[in-house]
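Undergrad: Pasting a structure here, questions to come.
Derivation of every value follows stated rules applied to the coordinates shown; laboratory data play no part. Source: prediction; values computed, not measured. Please note: Cβ atoms are built from the backbone with ideal geometry, for glycine as well, and neighbour counts cover all protein chains shown.
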Amino acid sequence: MFDRVMGGLVGFAIGDAMGVTTEFMSPEEIKERFGEVREILGGGVFGFDCGETSDDTAMTIAVAKGIIANSENPIEEMGKQFMKWRNTRPKDIGITIAATFRNYQGDWFQAAEATDRDLGMSGGNGTLMRCLPIALAYSNTEKIDKISTLQSKMTHQEDAASEACVLYNRIAKRLLQGEELKGAIAAEIKNTEYDLDYRKKPDCPPSGYVVHSLKWVFYWLLNKNSFQDVIIGAVNMGNDSDTIAAIAGGLKGLEVGYSKLPAKHVNKLQDLNILEELAEVICVIRDKDTSIIQENQAEYLQELSALTIQSYELAEQGDPSLAMMKPLKEKMFLYRAALREDENDFIQKYEKWRKVQNRLKRSQRLLDLGAPAIIIQHELDWLRLEAEHLKQIHSGIEPQYTNEELDELESLRQLELDMDKDMKDQGFIE
Ligand SMILES: [Mg+2]
């Protein structure tokens, strides 16, 4: 499950990161300037860094966080996340979404109505580009349909936009069940306006109008076989290339899985840690009511701490094993899902949680590599310590490192710097 969920999110982000270079260009201009874009290069009209993603990935992350915050009724939480993103002053906000932000006075649906009146239309692809996490977090078709529709109507009133989200997420659901992509598309587009002969190019531009965008997404997915070729096809058509490549990349990534995505692209992504965190959380909360998860925060923490002690003791006896990592990881991500961004000391708790996560990742890697027991033991001791600190923070105690521990942390300063960067990217610190 994790491989597919992560494949969907990362496939999406790769399409976005590669597509920003050619956004709003014509195929002729792209050819003249680049020959063919085959790598993540950055640049484009908004001057992105190499590996940086745009509004498409930012809003997808916002939708995922909204679901995690309240999976039974995620709309208000998604709205809070949209506003939080807007307050980071992003380089590119779509026309319809920018208008809805301006019209918002406490009711998203009214704001979207006003936007439709102001602009005379609201069928942009801005809701299709962010809806994938819904299919990842829920398995019930009715629920997927309902939440996909509501999240679309929050900013875009037109039915074309919400219908595209429903169609897209129904295909995503089939892929998560193990169906192959071309068959899943064929089954869902039957008797809809997307039911075309895709051996020919769609007779519309690859524009930001949702129907045009989605027709081109299907064209690339049905005519290319590898993830790389799907993305390259969409990117080199220009126009709304980042969004079209991202939407296509999400489905193709879901089909092939994270482990099969081209490493050269994956490693360039600035959002990789955040996407991994969200994919892990989505896998543990899938189909669960997160308000119940939130009630059990202290319990997960207690179990997490007990499991780290157990794993350390096993390592001390010379018997560390990968099997003990799975329950540990599950508790860790349940605790993450239970953490609310508006609770007391959130940043301190989250920061410490990231330290636990980093240590867990390192321990797992050492185990994977078959490192000597003494090294694994040392790493697990750190994991135990950080989990203990997290428990202390939760009880209102300020945790303390010993001088020796501080010395070692200093020599691992890069780990801390990476974490600071993640905190900034997530918008938790300035
Ligand atoms: Mg974009």
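Undergrad: Strictly under 4.7 angstrom between C-beta atoms: which cysteines of the chain have no such partner?
TA: Cys50, Cys204, Cys283
Undergrad: Moving on to the next point. May I ask you to compute the full-extension gain from Glu180 to Asp407, defined as 0.36 nm times their residue separation minus their alpha-carbon distance, rounded to one decimal in nm?
TA: 76.5 nm
Undergrad: Highest first, please rank the peptides 155-165, 169-179 by the mean number of other Cβ atoms sitting within 10 Å of their residues.
TA: So the peptides 155-165, 169-179, ranked by packing, come out 155-165, 169-179.
Undergrad: So what's the net charge close to Ala371: Lys and Arg +1, Asp and Glu -1, counting the other residues with Cβ under 9 Å from its Cβ?
TA: Charge balance in the 9 Å sphere: -1.
Undergrad: What ranking do 11-20, 27-36 get when scored by the average of other Cβ atoms within 10 Å per residue, highest first?
TA: In descending order of packing, they fall as 11-20, 27-36.
Undergrad: What are the residues whose amide H is under 5 Å from the amide H of Phe48, where those residues sit 5 or more places off or on another chain and H is modelled from the backbone?
TA: Answer set, sorted by chain and number: Gly43.
Undergrad: With unit charges on the beta carbons (Lys and Arg positive, Asp and Glu negative) and the dipole taken about the Cα centre of the range 2-285, which residue among Cys283, Ile93, Leu196 sits farthest to the positive side?
TA: Towards the positive end, the residue furthest out is Cys283.
Undergrad: If you average the sequence gap of Cα pairs under 8 Å that are 6 or more apart and divide by the length of the range 296-425, what percent do you get for the contact order?
TA: 31
Undergrad: For Asn225 and Glu313 in the same chain, what is the full-extension length gain: residue separation times 0.36 nm, less their Cα-Cα distance, in nm?
TA: My answer for the length gained is 26.8 nm.
Undergrad: Return the distance in nm (one decimal) between the two label points of a simple spin-label model at Lys143 and Ser291, each offset 7 Å from Cα along Cα→Cβ.
TA: My value for the distance between the label points is 1.4 nm.
Undergrad: Now for a separate question. Mind checking the angle between helix 346-369 and the chain's longest principal axis? C-alpha axes, 0 to 90 degrees, to the nearest 10.
TA: Between helix and principal axis, roughly 80 degrees.
Undergrad: Here's a follow-up. Within a 10 angstrom radius of the beta carbon, how do Val211, Val217 rank from fewest other beta carbons to most?
TA: Val211, Val217
Undergrad: Okay, moving on. So for Val63, Val266, fewest C-beta neighbours within 10 Å to most, what's the order?
TA: With the sparsest Cβ surroundings first, the list reads Val266, Val63.
Undergrad: Now, a different point. Rounded to the nearest angstrom and ordered from largest down, what semi-axes does the equivalent ellipsoid of the range 296-425 get from its C-alpha gyration tensor (root of 5λ)?
TA: Whole-Å semi-axes of the equivalent ellipsoid: 23, 18, 14.
Undergrad: A further question on this structure: Just from its helices, what would the mean residue ellipticity at 222 nm be for the chain, if runs of 4 or more DSSP H residues each count -39500 (n - 2.57) and the sum is divided by every residue, rounded to the nearest 500 deg cm²/dmol?
TA: -21000 deg cm²/dmol
Undergrad: What are the ³J(HN,Hα) couplings of the range 223-237, residue after residue, when phi is run through the Karplus curve with 6.51, -1.76, 1.60 and θ = phi - 60°? Round to Hz, x for glycine and proline.
TA: Each residue of the range 223-237 in turn: 9, 10, 9, 9, 4, 4, 5, 4, 5, 4, x, 5, 5, 7, 8 Hz.
Undergrad: Which peptide among 393-406, 65-78 comes first, and what is the full order, when sorted by highest mean count of other Cβ atoms within 10 Å?
TA: 65-78, 393-406
Undergrad: Compute the distance in nm between two label points, each set 7 Å from the Cα along the Cα-to-Cβ direction, one at Asp418 and one at Phe346.
TA: According to this spin-label approximation, the distance is 2.5 nm.
Undergrad: In what sequence do Glu386, Glu316 fall when counting other Cβ within 10 Å, fewest first?
TA: Listed from fewest to most nearby Cβ atoms, that is Glu316, Glu386.
Undergrad: On a C-alpha basis, how far is the centre of the range 155-222 from the centre of the range 336-406 in Å? Whole number, if you could?
TA: For the range 155-222 versus the range 336-406, the Cα centre distance is 43 Å.
Undergrad: Computed over the Cα atoms of the chain, what is the convex hull's projected area averaged over all directions, in nm²?
TA: So the mean shadow area of the Cα hull is 21.1 nm².
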